[in-house]
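Participant: Could you have a look at this structure, given as C-alpha cells, before my questions?
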2 protein chains.
Amino acid sequence: MSANGTQAIDRAAELLSLVVLADEPPDFGHLVSDTGLPKSTASRLLQALERHRLVRRDGEGAYGAGPLFAAYASRHDPIDDFIALAQPTLERISAATGETVNLAVARGQDVTQVAQVDSTYLLGTTNWLDVDVPAHCSALGKVLYAAGLIPVPNRTLEARTPHTITDPRKFRRHLDTVRAKGFAQALGELEIGLDAVAAPVIGRSGDVVAAVGLSGPSGRIKNKLPQLGSLIKEHAQALSSVLGHQPRKEGAA
Amino acid sequence: MSANGTQAIDRAAELLSLVVLADEPPDFGHLVSDTGLPKSTASRLLQALERHRLVRRDGEGAYGAGPLFAAYASRHDPIDDFIALAQPTLERISAATGETVNLAVARGQDVTQVAQVDSTYLLGTTNWLDVDVPAHCSALGKVLYAAGLIPVPNRTLEARTPHTITDPRKFRRHLDTVRAKGFAQALGELEIGLDAVAAPVIGRSGDVVAAVGLSGPSGRIKNKLPQLGSLIKEHAQALSSVLGHQPRKEGAA
DNA sequence: GCACAATGAACCATAATATGGAATCTTTGT
DNA sequence: ACAAAGATTCCATATTATGGTTCATTGTGC
C-alpha cells in the first residue's frame, strides 16, 4: 500500500529506478516480472516515462535512462555526484566507529580530501579538507599509491615522525602489503599518537577511483586494527557496489 | 488533458524536469507557480519524488536532482551523455542542409570526431570517425585551436593542398578571424573540392567544449558560406543552451 | 511582544483517474 | 499457413488523486 495518493507515481518510480540502475538494459518482459505489475499497467507507465524523457528505448526494445539523465550528467561536476553518493557511507562508518571519516581522490600527483565526517569524540582530528598532507604518511595516500593513481616516488621520503617510512624501497614493499591486505594503515607516521586506516573504492570500470578512511588517536585505534580494517574494507566495498562495481564472482570460468 | 491514465505521472514528471533543469534550485513556491498546480497536489507529488530519490531537498527547502541522478552520472561516461544530447542537433543540421555533419572534441593535442550524421547526397564525404585529420586543415580543428583547447603550433604546417595555410603566423591571424566571426571555414584546405564550416559548442561553465560542423563538395558549399555559417552558429548555440550555457545578456551591467 | 502574512503540510469528501483482464495487433519461429 | 510470443489497446469500474480548507510554523513589520 502506497502513501496516500501516489501509487501511480510510486510504481512509475520503481520502474524508473530499475531501468537507471540496471547492469544490463532491461526489456519489457524483465520489467514486468521484476515489478509484478500487469503488462497493460507497466506499458502505460513506461510510455509515460518515455514521453517525459526519463527513459529511452533502443531499437530492440531494451530500456535505458532517458535524455533527462543525460542532461543532468552533462551539467554537473561528477565529483559532486560522487561525494553525494558517498556521504551515506561516510556517515555509516562514523556511526559505527565515532572516528573522523574521510574520502580522498588523486588529483595529479596529490591526494585531495573531498569529504569528511567529523569525530563524535571531543578528542578527534582536524578538518582535513584544507590540509595538505604528505601522501606517504597517510592511510588514504597509501591506498592511492598502491592503486597506481599517483606515482610512487623514488627519492627519500620526508620523515614527519620517527615512524615515517622514508626508504623508497621499503615503502614499495609496504604498498605490496597494502594491496595484499586490501586496506592501508598509518600508525603515528604523520603525527605521533595519530593512527588511521583506509581502503580503496572501486568504480564501475573495476579501477580504484578513491580511498575512504578513518583516523583517530592511537589509544582508540591501535588495539582494534583488524576490526577497523575489516570494517573500512566492507564499507568501501559497499560504496563500490553503489558505483556499479561488480566484484569478481568466485568460481567464474 | 493527459494521455489516458497518466495525469499524475505527467504532473510529477513536469515537476521533476523543472527541478533537474533549473539554473537555480527552485523552492516550493516557484514550482507551484511555474506548474500552476494547487499547493496540496504539488506537495504530495514532490514528496513522492523525494521518497523515490528523484529529487532532494536542501536545508532551506530548495529542490535539486536526487540521488538517482547522481547514481546515473557516476556510472556513465560523460562523453556518451554529451553525444546523446548532441544527436538531435546534428540531425537538425543534417535535415536543414543535407550535408555531412560532425561533432568533435579535443583529446590531448588532437581533434577527435565523436559523432556523425551522413550526407543525404550521393556525393558526400567519408565516415570521419575513423579518420585522423590534421586539425589545421579542418573547420572543426580551427574552432578548437581558436578556443585554445589544443595548442597552436609554431612550426610550419603540413601542406595538404595548395590552399592549406602553412605559415604559423598567418594561421594565428586566421584563428583571430575565426574568433571574430564565431565560426570557422575550411575551403579546399584538406582536399581540393572539399569545403566545411564549424562553430564552437559552449558548456555550462562558459568554455568551449566541442565543435560542430558540416562538410561537402565546394560546388554546394562555397556559394552559401554566410548562410551556412549562420546556420551552424545558431545550432551550436542551441546545443550550448541544452548544456546549460547562458549567453551573456545584452545590456547587462 | 504581538498581529498578521507567508509558507508548506495534512485532512478528507468526492470527482475523475488508473487499473488490469481480455481482446487485439504485430512480429517471429516452425 | 499457423502458432506462439511479446506488446499495445480497450473499457467497465474499483480505487485513487484531487484540491479546497484547515492547521502549524516561521518570518516580518510595527
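Participant: Can you work out ³J(HN,Hα) from phi for every residue in region B:23-33, in order, using Karplus 6.51 cos²θ - 1.76 cosθ + 1.60 and θ = phi - 60°, giving whole Hz and x for Gly and Pro?
Facilitator: Result, ordered by residue: 6, 10, x, x, 9, 4, x, 5, 5, 5, 6 Hz.
Participant: FRET efficiency for B:E60 and B:R204, Cβ-Cβ distance as r, R0 = 35 Å, nearest 0.05?
Facilitator: FRET efficiency, B:E60 to B:R204: 0.95.
Participant: Quick one: grab the alpha carbon gyration tensor of the protein assembly as shown, order the square roots of its eigenvalues as a ≥ b ≥ c, and give me rounded if a/c is under 1.5, else prolate or oblate depending on whether a/b is larger than b/c.
Facilitator: Verdict is oblate for the protein assembly as shown.
Participant: Now for a separate question. Give the average, rounded to an integer, of partner chain Cβ atoms located within 10 angstrom of each Cβ in A:14-21.
Facilitator: Per residue, the average neighbour count from other chains is 3.
Participant: Taking each residue of A:41-51 in turn, how many C-beta atoms of other protein chains fall within 10 Å of its C-beta, and what is the average?
Facilitator: Mean partner shielding for this stretch: 3.
Participant: Express the accessible area of region A:1-119 per residue in Å², computed with a 1.4 Å probe while the remaining protein chains stay in the model.
Facilitator: 45
Participant: Would you mind getting the accessible area per residue of region A:155-253, heavy atoms of the protein chains only, 1.4 Å probe, in Å²?
Facilitator: Value returned for region A:155-253: 55 Å² of accessible area per residue.
Participant: Quick check: convex hull over the Cα atoms of region A:78-242, volume per residue in Å³, rounded to an integer?
Facilitator: Here the figure is 105 Å³ per residue.
Participant: Here's another thing I want to ask about it. Got a number for the accessible area of A:E99? Probe 1.4 Å, square angstrom, nearest 10.
Facilitator: It works out to around 10 Å².
Participant: A further question on this structure: How much accessible area is lost when chains A and B come together, counting both sides, with a 1.4 Å probe, in Å² rounded to the nearest 100?
Facilitator: Adding both sides of the contact gives about 3400 Å².
Participant: Right, something else. Using a 7 Å offset from the Cα along the Cα-to-Cβ direction at both B:Q246 and A:E50, what is the distance between the two label points in nm, to one decimal?
Facilitator: Computed distance between label sites B:Q246 and A:E50 equals 3.5 nm.
Participant: Accessible area of region B:78-242 with a 1.4 Å probe: how many percent of it is carbon plus sulfur?
Facilitator: 50
Participant: Points 7 angstrom from Cα along the Cβ direction at B:R179 and A:D10: gap in nanometres?
Facilitator: Taking the two extended label points, one gets 5.9 nm.
Participant: Provide a list, ordered by number, of residues in region B:52-80 showing at least 30 Å² less accessible area with every protein chain present than when their chain is taken on its own, using a 1.4 Å probe.
Facilitator: By number: B:H52, B:L54, B:L68, B:F69, B:A70, B:A71, B:Y72, B:A73, B:S74, B:R75.
Participant: Just to be sure I understand the model, the point goes 7 Å from the Cα along the line to the Cβ. What's the resulting B:H30 to A:H30 distance in nm?
Facilitator: Once both label points are built, they end up 3.7 nm from each other.
Participant: OK, next. Enumerate the calculated ³J(HN,Hα) couplings along region A:210-215 in order (Karplus 6.51 cos²θ - 1.76 cosθ + 1.60, θ = phi - 60°), each rounded to whole Hz, writing x wherever the residue is Gly or Pro.
Facilitator: 6, 10, 10, x, 10, 8
Participant: Grab the DSSP H runs of chain A that are 4 residues or longer, score each as -39,500 (n - 2.57), total them, divide by all residues and round the 222 nm result to the nearest 500 deg cm²/dmol.
Facilitator: That comes out to -13500 deg cm²/dmol.
Participant: Continuing with the same structure: Quick one: which residues, 5 or more positions from A:V201 or on another chain, have an amide H under 5 Å from its amide H? H modelled 1.01 Å from N in the peptide plane, none for Pro or chain starts.
Facilitator: Amide H neighbours of A:V201: A:V209, A:A210, A:A211, A:V212.
Participant: Report the Cα centroid-to-centroid distance between region A:21-44 and region A:177-230 in angstrom, as an integer.
Facilitator: So the two Cα centres are separated by 41 Å.
Participant: Next question. Percent of accessible area on region B:7-74 owned by carbon and sulfur, 1.4 Å probe?
Facilitator: 47
The values are calculated or read from the model by the stated rules, or taken from the named source; none is laboratory data. Not measured: the values here are computed from a predicted model. Backbone-built Cβ (ideal geometry, glycine too); neighbour counts: all protein chains shown. All accessible areas refer to the heavy atoms of the entire protein, side chains included, with ligands and DNA or RNA removed. Shrake-Rupley method; radii C 1.70, N 1.55, O 1.52, S 1.80 Å.
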